[in-house]
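> I'd like to ask some things about the structure below.
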Amino acid sequence: MKKVTLVTGDGIGPEIAEAARRCVEATGAAIEWDEQQAGTDVMEAEGTPLPDRTVESIRQADATLKAPITTPVGTGFRSINVHLRQYFDLYVCLRPSKSYKGVRSKYDDIDLVVVRENTEDLYAGIEFEKGTDTAGELINWINSHSKRKITPDSGISIKPISVAGTERIVQFAFDYARKNGRRKVTSVHKANIMKYSDGLWLEVSREVAKKNSDIEFEDRIVDNMCMQLVQKPELYDVIVLPNLYGDIVSDLCAGLVGGLGVAPGANIGKNQAVFEATHGSAPKYKGLNKVNPTALILSAALMLGYLNMRDEADKLENAVAAVIAEGKDVTYDMKPDRDDPTAVGTSEMADAIIAKIK
Ligand code: NAD
């Protein structure tokens, strides 16, 4: 029996969380659920958008399935999602992008996995605002230590990339490839320009690759990678990237397979793993039983794989694929015409998926 925390979120969160839980239960997966809240709904009731009991439950669970949460304004949290990533050191952002027959897209044979580093790089949040004393001090220091000069009217964002941070994410990419029967890892960088940050990333990637020689390894410069993904996506498999490039390339890959409605994801650390859809809480659809539950259900399938419940994961993914391929019991956004009156609601699409689980 595995312990899974279900964070129901807000906006459309509770509806899609319920749909995903029912689908997982239908696979027969041996899961003990602990339902917890986070977001604006619990904020109104308890005065905090992230109660301690939710954090504790995530800490103790084998995995967490999290519905979207609205970024709260004026609560001391920049974003609950960012807070959870930092608090539990969820250093991996995992985003598979796979073509499903029946999803409108320019491509029909995509099967890529983006592994994005989640803690370092330009997103580390180390910034100095233009005109402040600290920015001035930093600029003076840099100008006295570097041949290249920074003008005093500059704002500065720092890009740290470490050996340890790179080692663990690249090793995760190899481990994921091995566990999931994948053939190749591609490490992406701009080492030709940023020698001491991306150059270090590339050097460490190569070292880690040497220790994982059962899986093919290559590297690509990020601009070339973007062009290749659009022109020849079939050449790629697992792609590992520093934070900023990973953010951009994971959306590029979601676009290749038809957008965020079908894009699952996960943030994974050493001891905790939080599985979630890539889309947000779409507050305008709250309570309407209207939105597409697919991305969270596919995130749940990803979670089952992470929990070594491979059969259950495959059953669930195959059932989702079958319902989408039929195109009958799907939500409005998956119909060729968004006003199609035959579109079904969130819970009816989940029912159709459950009916296909064998
Ligand atoms: P959003 O993804 O919530 O919505 C954008 C649009 O996408 C919606 O208007 C809707 O048309 C469509 N959409 C989204 N999910 C859909 C679904 N399942 N089915 C059908 N259509 C869907 O993005 P937003 O409006 O920028 O963000 C709303 C809130 O969600 C913000 O507070 C944002 O910070 C938060 N957010 C949370 C997460 C998370 O919890 N992981 C991720 C992204 C955004």
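> Can you pull out the residues in region 329-358 that are more than 16 Å from the ligand (Cβ to nearest atom), loosely packed, with under 13 Cβ neighbours inside 10 Å and charged (D, E, K, R)?
LYS358 - this is the single residue of region 329-358 that is more than 16 Å from the ligand (Cβ to nearest atom), loosely packed, with under 13 Cβ neighbours inside 10 Å and charged (D, E, K, R).
> Could I ask something else about it? Regarding region 74-85, can at least one residue be identified that is among the charged types (D, E, K, R) and assigned to a strand (DSSP E or B)?
Checked region 74-85: no residue is among the charged types (D, E, K, R) and assigned to a strand (DSSP E or B).
> Does region 313-321 include one or more residues that are at negative phi, among the acidic types (Asp, Glu), in contact with a Leu (Cβ under 9 Å, 6 or more places away or on another chain) and not assigned by TED's automatic domain parsing to the domain that holds GLY181?
Checked region 313-321: at least one residue is at negative phi, among the acidic types (Asp, Glu), in contact with a Leu (Cβ under 9 Å, 6 or more places away or on another chain) and not assigned by TED's automatic domain parsing to the domain that holds GLY181.
> Ok, one more. For region 280-295, enumerate the residues that are more than 6 Å from the ligand (Cβ to nearest atom) and β-branched (Val, Ile, Thr).
The answer is THR294, and nothing else.
> Shifting gears a bit: Report every pair of residues separated by at least 6 positions or lying on different chains whose Cβ atoms are under 6 Å apart, first residue within region 130-158 and among the hydroxyl-bearing types (Ser, Thr, Tyr), second modelled with pLDDT under 95.
SER157/LEU122; SER157/GLU127
Residue-by-condition table, conditions (1) open to solvent by less than 40 Å² (accessible area, probe 1.4 Å); (2) within 23 Å of HIS279 (Cα to Cα); (3) among the small types (Gly, Ala, Ser); (4) in a loop (DSSP other than H, G, I, E, B):
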site	(1), (2), (3), (4)
THR5	yes, yes, no, no
ASP10	yes, yes, no, yes
GLU18	no, yes, no, no
LEU50	yes, yes, no, yes
ARG59	no, no, no, no
PRO72	yes, yes, no, yes
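> Being outside the structural domain of ASN243 (by TED's automatic domain parsing), surrounded by 13 or more Cβ atoms within 10 Å (Cβ to Cβ) and not hydroxyl-bearing (Ser, Thr, Tyr): is that true of ILE215 here?
Here the answer is no, as ILE215 does not meet what is asked.
> Could you tell me whether region 296-305 includes any residue that is over 21 Å from THR54 (Cα atoms), touching a residue at least 12 places away in the same chain (Cβ under 8 Å) and within 8 Å of the ligand (Cβ to nearest atom)?
No, that holds for no residue.
> Select from region 306-324 the residues that are closer than 17 Å to ASP351 by Cβ and out of contact with any helix residue (DSSP H, G or I) (no Cβ under 8 Å at 6 or more places or on another chain) and write down the one among them that is farthest from the ligand (Cβ to nearest atom).
LYS315
> Just name the residue that is surrounded by the fewest Cβ atoms within 10 Å (Cβ to Cβ) out of those in region 263-274 that are under 14 Å from the mean Cα position of the chain (by Cα) and either near the ligand (Cβ under 9 Å from one of its atoms) or over 13 Å from THR294 (Cα atoms) (or both).
So, considering only residues that are under 14 Å from the mean Cα position of the chain (by Cα) and either near the ligand (Cβ under 9 Å from one of its atoms) or over 13 Å from THR294 (Cα atoms) (or both), the one surrounded by the fewest Cβ atoms within 10 Å (Cβ to Cβ) is GLY269.
> Now for a separate question. I need the helices (runs of 4 or more DSSP H) fully contained in region 258-358, keeping only those with at least 2 residues that are modelled with pLDDT of 95 or more and charged (D, E, K, R).
310-326, 346-356
> Select from region 85-107 the residues that are among the aliphatic types (A, V, I, L, M) and open to solvent by less than 10 Å² (accessible area, probe 1.4 Å) and write down the one among them that is nearest to ARG182 (Cα to Cα).
LEU94
The values are calculated or read from the model by the stated rules, or taken from the named source; none is laboratory data. As the structure is a computational prediction, the values presented were derived from the model and not from experiment. Cβ sites come from the backbone with ideal geometry, for glycine too, and all protein chains shown count toward neighbours. For the accessible areas, the whole protein counts, side chains as well, though only heavy atoms, and no ligand, DNA or RNA atoms are used. Shrake-Rupley method; radii C 1.70, N 1.55, O 1.52, S 1.80 Å.
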